[in-house]
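**Student:** Please read through the structure below; I'll follow up with questions.
The values are calculated or read from the model by the stated rules, or taken from the named source; none is laboratory data. Keep in mind that what you see is a predicted model, and the values were worked out from it rather than measured. Neighbour counts run over all protein chains shown; Cβ positions are idealised from the backbone, glycine included. For the accessible areas, the whole protein counts, side chains as well, though only heavy atoms, and no ligand, DNA or RNA atoms are used. Shrake-Rupley method; radii C 1.70, N 1.55, O 1.52, S 1.80 Å.
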Amino acid sequence: MEKKYILAIDQGTTSSRAIIFDKKGNKIAVAQKEFPQYFPKSGWVEHDANEIWQSVQSVLADLFIHSGAQPSEIAAIGITNQRETTVVWNKNTGLPISHALVWQSRQSADICDQLIADGYENFFHKKTGLVIDAYFSATKIRWILDNVPTAQEMAEAGDLLFGTIDTWLLWKLTNGESFATDVTNASRTMLYNIVEEKWDEEILHLLNIPVSMLPEVRKNSEIYGYTKDFHFFGESVPIANLMGDQQAALVGQQCFEEGMIKNTYGTGAFIIMNTGENPHFSENKLLTTIAYKLDDKVTYALEGSIFIAGSVVQWLRDGVKILTHADQSEEMAYKSDTDDDIYLVPAFTGLGAPYWNQNARGAIFGLTRATNDNDLVKAALQAICYQTKDILDTMTNDTGISIPSLRVDGGATANSYLMQFQADVLNVPIRRPENAETTAFGTALLAGLAIGFWKNKTEVERMDGKLYQPNMDKERREKLYQGWVRAVTATQTFSK
Ligand code: G3P
């Protein structure tokens, strides 16, 4: 069979997706499935790694059944994934020893607080580019080893493996033959030295994590292994890229030049600026991370992570039930006729960049007797935009690079109220590409490049789309943002 397609597996925080692209970069078919989320305690978020694996198998089956594409027409697979989420499994049984601790989860906050109290902030920052936070995998591994009976002994005996979701899926797809990750996922573990490009022995020693648990770290766009004994692929299909989803979006948005920047509005929102060949260590608690490693050359990035973005809409739907469908949020926001003076701070699992407050929890300010459901929906959408502004302002301060425009993607970019308000509060134009599947396309592109399906990374041009121009006067913009700053400050004061 002619190899006509590249398959992207996009394993996200709330759903697993599979997408087929053709040679022109067109999306041929997509399948998606949500899987259960577990919230055992305040601020804890967990997944069952086996349920994730089942959801991936299920979307692959769906994709082939409904698209008419044949597995034998797939030239290569690229995997992209929710980052940091931590799976520890027994390599003999293939079974996880606990639920996966999701990137949003806070159960290792005490371990982080202790590391900070012991003065390790700079130690971690200069090696990993990260701030000490329960967001990253390192303290999640420590938590699992502390809390699952006999886990430390099993780890020391070499029986346990750790992986982020890319590694777990690679291991499952190759039937345990490949145990690897890529530099982008490694750079989010808080165990990887991004300057020396290796697992950091001093950190492993400090956290008492045996190196035998850790996968081999590989560059992007190369063959990591082949599907094996996997019933949807009668033959071996190469898995030719692994990549954290936010970095994949950066690639999918074709931000290959220094200073180019994208924001992906998913469960959280993740703003990444390409900073070129040298790591830029932030003075303002942005993360220094690896954007990609191609042709043995690392490109670095600065990142600001917002923990709650699209999931605030999910909360409006499932938690307080003022929406039936997420799509209603656009119309309701337009209907609201308040003067934008209600502020919702969605610090449900603490605050990410640039605040890094693990203990903050959400708050709403400015309620009156006249406040209605439309106003709350609008305030929730505006909060996503204000948090984005917090980060872009910090990036400009940090790098001295002023941001002429922002490339956006992710589910919430379909919401035109959100996009216009974002352009207005930032006072920069926003470009949404025609095909919003940038994350999946990013990993597909690098998988395709690895096997010669495409010849160079700009062969497929995808930058047409919709442009949102800012349209708010300066005085109003500044007044609104000052209100947000007051709200986010008050939230933190209350939470302490
Ligand atoms: O760092 C977490 C991020 O990778 C999660 O992305 O798209 O699953 O919300 P998403």
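**Student:** Would you check if there is a residue in segment 66-87 being over 30 Å from residue 137 (Cα atoms) and in contact with a Leu (Cβ under 8 Å, 6 or more places away or on another chain)? Can you show your working first?
**Tutor:** Let us first name the residues in segment 66-87 that are over 30 Å from residue 137 (Cα atoms), namely 66-75.
Right, trim to in contact with a Leu (Cβ under 8 Å, 6 or more places away or on another chain) and you get 69, 74.
The answer is yes, given that some residue of segment 66-87 is over 30 Å from residue 137 (Cα atoms) and in contact with a Leu (Cβ under 8 Å, 6 or more places away or on another chain).
**Student:** Could you tell me whether residue 224 is more than 16 Å from the ligand (Cβ to nearest atom), buried (at least 20 other Cβ atoms within 10 Å of the Cβ) and at negative phi?
**Tutor:** Working: more than 16 Å from the ligand (Cβ to nearest atom): yes; buried (at least 20 other Cβ atoms within 10 Å of the Cβ): yes; at negative phi: yes.
Spelling it out, residue 224 is indeed more than 16 Å from the ligand (Cβ to nearest atom), buried (at least 20 other Cβ atoms within 10 Å of the Cβ) and at negative phi.
**Student:** If a residue must be closer than 20 Å to residue 251 by Cα and either out of contact with any helix residue (DSSP H, G or I) (no Cβ under 9 Å at 6 or more places or on another chain) or open to solvent by 20 Å² or more (accessible area, probe 1.4 Å) (or both), how many such residues does segment 11-27 contain?
**Tutor:** 6
**Student:** Could you tell me which numbered condition residue 33 fails, if it satisfies all but one of (1) of a type outside the set (A, V, I, L, M, F, W, C); (2) farther than 21 Å from residue 270 by Cα; (3) buried (at least 21 other Cβ atoms within 10 Å of the Cβ)?
**Tutor:** So the condition that residue 33 fails would be (3).
**Student:** Further question: I'm checking my understanding of the structure. Among residues of segment 238-250 that are more than 14 Å from the ligand (Cβ to nearest atom) and buried (at least 24 other Cβ atoms within 10 Å of the Cβ), which one is farthest from residue 401 (Cα to Cα)? Spell out the reasoning first.
**Tutor:** Here is the first cut: in segment 238-250, the ones more than 14 Å from the ligand (Cβ to nearest atom) are 238-241.
Restricting the remaining residues to those that are buried (at least 24 other Cβ atoms within 10 Å of the Cβ) gives 239-241.
On the way: 239: 37, 240: 34, 241: 31 Å.
Among them, the one singled out is 239.
**Student:** Now, a different point. What strands (runs of 3 or more DSSP E) lie completely within segment 386-487 and have 2 or more residues being touching a Pro at 6+ places or on another chain (Cβ under 8 Å) and either within 18 Å of residue 333 (Cβ to Cβ) or open to solvent by 60 Å² or more (accessible area, probe 1.4 Å) (or both)? Before the answer, list the steps.
**Tutor:** Values: elements: 406-409, 430-433, 465-468.
By residue number, 465-468.
**Student:** Could you run through segment 112-133 and say how many residues are outside any helix (DSSP H, G or I), more than 16 Å from the ligand (Cβ to nearest atom) and among the small types (Gly, Ala, Ser)?
**Tutor:** 1
**Student:** Further question: If we scan segment 338-350, do we find a residue that is closer than 30 Å to residue 457 by Cα, under 20 Å from the mean Cα position of the chain (by Cα) and small (Gly, Ala, Ser)?
**Tutor:** The first filter runs over segment 338-350 and keeps only residues closer than 30 Å to residue 457 by Cα, leaving none.
No, the conditions are met nowhere in segment 338-350.
**Student:** I'm trying to understand the selection: among the residues of segment 257-297, which are open to solvent by less than 10 Å² (accessible area, probe 1.4 Å), among the hydrophobic types (A, V, I, L, M, F, W, C) and more than 22 Å from residue 14 (Cβ to Cβ)?
**Tutor:** The answer is 261, 273, 286, 287, 290, 291.
**Student:** OK, next. Would you mind stating whether residue 2 is within 16 Å of residue 103 (Cβ to Cβ) and not in a strand (DSSP E or B)? Write out each step before concluding.
**Tutor:** Values: within 16 Å of residue 103 (Cβ to Cβ): no; not in a strand (DSSP E or B): yes.
Here the answer is no, as residue 2 does not meet what is asked.
**Student:** While we're here: Going by the conditions given, is residue 52 more than 16 Å from the ligand (Cβ to nearest atom) and touching a helix residue (DSSP H, G or I) at 6+ places or on another chain (Cβ under 8 Å)?
**Tutor:** no
**Student:** Output yes when any residue across segment 352-364 is under 21 Å from the mean Cα position of the chain (by Cα), within 18 Å of residue 483 (Cβ to Cβ) and modelled with pLDDT of 95 or more, and no when none is.
**Tutor:** Within segment 352-364 (the criterion being under 21 Å from the mean Cα position of the chain (by Cα), within 18 Å of residue 483 (Cβ to Cβ) and modelled with pLDDT of 95 or more), the answer is no, since none of the residues qualifies.
**Student:** For segment 147-190, enumerate the residues that are surrounded by fewer than 24 Cβ atoms within 10 Å (Cβ to Cβ) and charged (D, E, K, R).
**Tutor:** 153, 156, 159, 172, 177
**Student:** With the condition kept exactly as written, say whether any residue in segment 134-146 is within 16 Å of the ligand (Cβ to nearest atom), open to solvent by less than 30 Å² (accessible area, probe 1.4 Å), assigned to a loop (DSSP other than H, G, I, E, B) and of a type in the set (Ser, Thr, Tyr).
**Tutor:** yes
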